[in-house]
1. By how many nm would the segment from ARG81 to GLN37 grow when fully extended, if each residue of separation counts as 0.36 nm and the alpha-carbon distance is taken off?
2. Amide H of MET73: which non-local residues (sequence gap of 5 or more, or other chain) have their own amide H closer than 5 Å, using H built in the peptide plane?
3. May I ask you to derive the FRET efficiency for ALA48 and GLU6 from their Cβ-Cβ distance with R0 = 30 Å, giving the value to the nearest 0.05?
4. For ASN17 and MET73, calculate 0.36 nm times their separation in residues minus their Cα-Cα distance, and state this gained length in nm to one decimal.
5. Report, largest value first, the span of the C-alpha coordinates of region 1-61 along each principal axis, in whole Å.
Amino acid sequence: MSQYHEPANELSNDARNYTRALNSLKEEIEAVDWYHQRVDTSDDESLAGIMAHNRDEEIEHACMTLEWLRRNMPGWDEELRNWLFKEGDIAEEEEGASNHSQNNPGNGDLGIGKIK
């Protein structure tokens, strides 16, 4: 099965690179989960240490890919700067961001709130 939802020959080179990066990110995060489960369930401390090292390498790879996306794919830089390395409750932050956009019509929002 193709990794593309649209005909690959109709996609720009940038779009194909974004797909490569996004698929790589998914694979790295999946590998982090697999290694973490193995570390958590291993009864051999030495083996668990090796798998923890491998898990941490996959985290590094995922972060490197995120940084590439931040630098190259529209939207990532703004959202990562908005959400990462913040203190407090994440859900409350999201609600605050929604309220901020409603009170800031200059951002393209009409400022009329949600339709009921």
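Values quoted throughout were computed directly from the atomic coordinates according to the rules given, and no laboratory measurement underlies them. What you see is a predicted model; the values in this text were computed from it and never measured. For neighbour counting, all protein chains shown are included, and Cβ atoms are generated from backbone atoms with ideal geometry for every residue, glycine included.
1. On the way: separation 44, 0.36 × 44 = 15.84 nm, distance 3.00 nm.
Using 0.36 nm per residue and subtracting the Cα-Cα distance, I get 12.8 nm.
2. none
3. Values: r = 43 Å, r/R0 = 1.44.
After rounding, the FRET efficiency stands at 0.10.
4. Numbers: separation 56, 0.36 × 56 = 20.16 nm, distance 0.94 nm.
Additional length available on full extension: 19.2 nm.
5. 51, 21, 10
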